[in-house]
Amino acid sequence: MQKIDLTPELAAELLAKPYHRQRKPGRQKIRQYARIMEAGEWRDYVPPPIMVDKKTGTMFNGLQRCSAVVQSGVTIRALIDYEADGDVMFDVIDSGLIRQAHQFIEGTFSSARASAARVILWTENAFDQPLASVTPSWQNHEVLDTAARFADDFDTWVAVTDRIYVRTQLSRGAVLAALTIAGQTQPSATQEFAEGLSDPASLLPNDPAWRLFDRMNKTAHKGRRRKPQEDWTLFVRALNAHLNSEQLPTTLMTSISAWPRVGETERDLRRRISVAANRKSQRAKIEARIRRQVEAEISQEEPPAMAAAGS
């Protein structure tokens, strides 16, 4: 086994000789790896090694890493084993349990901390994409670095986050991430909202925290399985209403392609929703026009000559 400079040229050479039972590459995973490499954040001790079958010279482990090197054009350091036995090793590659980030995070509610770190990464890097589609794709080291970066903030908010979960069943990760972000600029107002939602007995009926608590405990909603962006939207819109001293809208959940940012006003959110809707409408009009043009061109073509009958 050797540690080498895996250049785009060498990666392409390995990719040209795939193992006969190689799985299909994951395009999303390759894009993720390439992004990390382009940012110079690839860890050169990522196991297991790239494996090449000693009898056939074909690669049976490392497909996605090599593809990412070619896509990014970046050279990385990598372990490579040119003496691996594909017949013996292939059936056990990737069949073990993958270690999760929360297993390496110290402190209470490690799973909530890891989940909050993923949500924060989403707000920082991929906010316009649906939360559900990108949250699971972060590398463990990215999650761990983010959790370490916000460790003190998580310590501040993790206990009240759990109390909010007991009261509302809202995702601990989404709530902890939102409180952490809001607490950096408006700690007192954020604390007031969080404490009110965790113990709503003294809240007034028009208070955003009460409105959110009341909604989450209605029979039609309580215990219903929700998508991650639903919990984010519900909690952040109520939090923003409190932070900005606004009246909470009657409908908290809307079918939107823009997620609320922590701290933004309802007016700014609605403006972003309108812009996103206009873009979607314009894209649909362009696609419809192209489709009509193609159909018109096809209809104008001469029909093929028919062969004479009875020959």
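Structural remarks
- When restricted to residues that are in contact (Cβ under 8 Å) with a residue 12 or more places away in the chain, surrounded by fewer than 20 Cβ atoms within 10 Å (Cβ to Cβ) and not hydroxyl-bearing (Ser, Thr, Tyr), the range 143-158 contains 4.
- Applying a threshold of 7 Å to beta carbon distances and a minimum spacing of six or more residues, or different chains, the list of pairs starting in the range 123-140 at a residue that is within 16 Å of Ala39 (Cα to Cα) and ending at one that is among the charged types (D, E, K, R) and modelled with pLDDT of 80 or more reads Trp138/Arg118.
- Counted residues, the range 171-197 - those being among the small types (Gly, Ala, Ser) and in a loop (DSSP other than H, G, I, E, B): 1
- Any hit, the range 136-156, residues being of a type in the set (S, T, N, Q), closer than 12 Å to Gly173 by Cα and within 15 Å of the chain's Cα centre (by Cα): no
- Breaking point among (1) over 17 Å from the mean Cα position of the chain (by Cα); (2) farther than 22 Å from Ala159 by Cα; (3) of a type in the set (Phe, Trp, Tyr); (4) modelled with pLDDT of 75 or more, for Phe127: (1)
- Taken residue by residue, the range 7-17 has no member that is within 25 Å of Ser133 (Cβ to Cβ), modelled with pLDDT of 90 or more, part of a helix (DSSP H, G or I) and not assigned by TED's automatic domain parsing to the domain that holds Leu179.
- Selection status of Leu248, in contact (Cβ under 8 Å) with a residue 40 or more places away in the chain, hydrophobic (A, V, I, L, M, F, W, C), in contact with a Pro (Cβ under 7 Å, 6 or more places away or on another chain) and farther than 30 Å from Lys29 by Cβ: yes
- Filtered by the rule that a residue be at pLDDT 90 or above, more than 25 Å from Gln32 (Cα to Cα) and buried (at least 18 other Cβ atoms within 10 Å of the Cβ), the range 57-111 gives a lone residue, Phe109.
- Of all residues in the range 38-66, those that are of a type outside the set (D, E, K, R) and touching a residue at least 60 places away in the same chain (Cβ under 8 Å) total 1.
- Enumerated helices (runs of 4 or more DSSP H) restricted to the range 208-311, each holding at least 1 residues that are at pLDDT 80 or above, within 22 Å of Ala174 (Cα to Cα) and not assigned by TED's automatic domain parsing to the domain that holds Thr180: 266-300
- Boolean, Gln184 is in contact with a helix residue (DSSP H, G or I) (Cβ under 8 Å, 6 or more places away or on another chain) and touching a residue at least 60 places away in the same chain (Cβ under 8 Å): no
- Failed criterion for Phe213 (all others in (1) out of contact with any Pro (no Cβ under 6 Å at 6 or more places or on another chain); (2) surrounded by 14 or more Cβ atoms within 10 Å (Cβ to Cβ) hold): (1)
- Listed conditions (1) surrounded by 21 or more Cβ atoms within 10 Å (Cβ to Cβ); (2) closer than 27 Å to Glu142 by Cβ; (3) at pLDDT 90 or above are all met by Val52, apart from (2).
The values are calculated or read from the model by the stated rules, or taken from the named source; none is laboratory data. Note that the structure is predicted; figures quoted are calculated from it, not measured. Here the Cβ is made from the backbone with ideal geometry for all residues, glycine too, and neighbour counts use every protein chain on show.
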